[in-house]
1. Please calculate how many Å² of accessible area the chain carries per residue, with a 1.4 Å probe and no DNA, RNA or ligand atoms counted.
2. For the chain, give the percent of accessible area contributed by carbon and sulfur heavy atoms, probe 1.4 Å, rounded to a whole number.
3. With a/c under 1.5 counting as rounded, go ahead and sort the range 208-322 into rounded, prolate or oblate using the C-alpha gyration tensor (a ≥ b ≥ c being the square roots of the eigenvalues; past the cut-off, prolate if a/b is larger than b/c, else oblate).
4. Using a Gaussian network model of the chain with C-alpha springs under 10 Å, which one of Gly283, Gly241, Gly339 is most mobile by mean-square fluctuation?
5. For Cα Rg over 2.2 N^0.38 Å, one of [x] 1.02; [y] 0.98; [z] 1.10 was computed from the structure I shared and the rest are decoys. Which label?
6. Lys253: which aspartates and glutamates have alpha carbons under 17 Å from its alpha carbon, excluding same-chain residues fewer than 8 sequence positions away?
7. Taking 27 Å as the cut-off for C-alpha to C-alpha distance, list the pairs among Lys146/Lys210; Lys249/Lys271; Lys97/Lys350; Lys254/Lys332; Lys146/Lys347 that go past it.
8. Listed highest first by mean packing, meaning other Cβ atoms within 10 Å per residue, what order do 316-326, 299-309 come in?
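The values are calculated or read from the model by the stated rules, or taken from the named source; none is laboratory data. Just so we're clear, the structure is a prediction, and the values are computed from it rather than from any experiment. Virtual Cβ from ideal backbone geometry, glycine too; neighbours counted across all protein chains shown. To get the accessible areas, we keep the full protein, side chains included, count just its heavy atoms, and leave off ligands, DNA and RNA. Shrake-Rupley method; radii C 1.70, N 1.55, O 1.52, S 1.80 Å.
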Amino acid sequence: MKEIISKLKITGRTYFEDDTLWLCYSGSSVSFKMQGSYAGITVKPDRYYKSYDKTMHARIAVYLNGTRVRDELIDNQTKTIVIETSAGHESEIEVIKLSECVMSLAGIAGIETDSDYIAPVPARKHRIEFIGDSITCGYGIDDECKDNTFSTSTEDFTRAYAYKTAKLLDADYSAVSISGCGIISGYTSDGKINTDQLLMPQYDFCGFSKPKDENDIMSTFIRPQWDFSSFIPDAVVLFLGTNDYSYCKCDQKKCEDFEDQYIKELIKIRKRNPSAVIFACIGIMDSNLFGTILKAVNRFKSYTGDTSIYALELPYHKNEDGYAADWHPTEKSNTRAAGVLSEYIRKIMKW
């Protein structure tokens, strides 16, 4: 596998280990051009597959010339997905991870073809990084029943606002997103602070998982550090705060703590991405902390003199658009949000 990596376009955060390229966060992918009659893509589960139940298996899709031709859960075995192509004509193939990293990884262990050449798909005009929670991941978006709960089989990054925004802007992307995560607190149902689900402590790494060992004990596994020079975004979209509100509510002190930490995370993002324009967003499911985010952005600008940052409230989903699993927004709501976000970015960036 190692010898073919240079012939692939790699999107999102990945790492190479055990002669396998591991797709980590939602939306991470490989794509290539070829001529030939077929491509055989060997995929495998990560080392913790024995602890996974059917709700945890990594979900991938394979696209041929922009059309999805396979949709697979990587269960407890290595398998080769064979895609038939048109011999003598150039074809583009992409393998994209639809589910999030905290549940499981998708390994690409080999690519075989009768093509005379394999070459990376060309880079797009712009680059965007998305930092977010379940909304960014596309949590439950394939299950339009609000009473159902999580499964990787119904999670699809390509139907969520981030992927759609990147497509509208002709941008390559990288996404760092984990369901339930926040700035000072992850989602909490009892009002107690949840510091086990904070996203930004994982920002410097290729991925983050919480698999169980053979004794059913939850462990934390952080993948290798991320090389920020490998993807330098023109814009960074920070979309966190929805889960924090389950803890902050209308408590002034908690909101002030959120504001203070938000500024610290903006400083971290700016340090890692010195040339990017930052877009601080919230909305779709909840916008209650937008005012607090706006204060944080203005304080950040005042403290640092950095004016390359903007706050944006995205449109709230409509009841008539329905709901996905656990009351998450449907594709229709995500499409609306992507339209608003892409237009705003285009205006600011002059794209």
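1. 42
2. Roughly 48 percent of what the probe reaches on the chain is carbon or sulfur.
3. Since a/c reaches 1.5 but b/c is at least a/b, the shape of the range 208-322 is classed as oblate.
4. Judging by the Gaussian network model, the answer is Gly339.
5. Computed from the coordinates, Cα Rg over 2.2 N^0.38 Å corresponds to [y].
6. Within the straight-line limit of under 17 Å, Lys253 reaches these aspartates and glutamates: Asp244.
7. Lys249/Lys271; Lys97/Lys350; Lys254/Lys332; Lys146/Lys347
8. Order by mean packing, descending: 316-326, 299-309.
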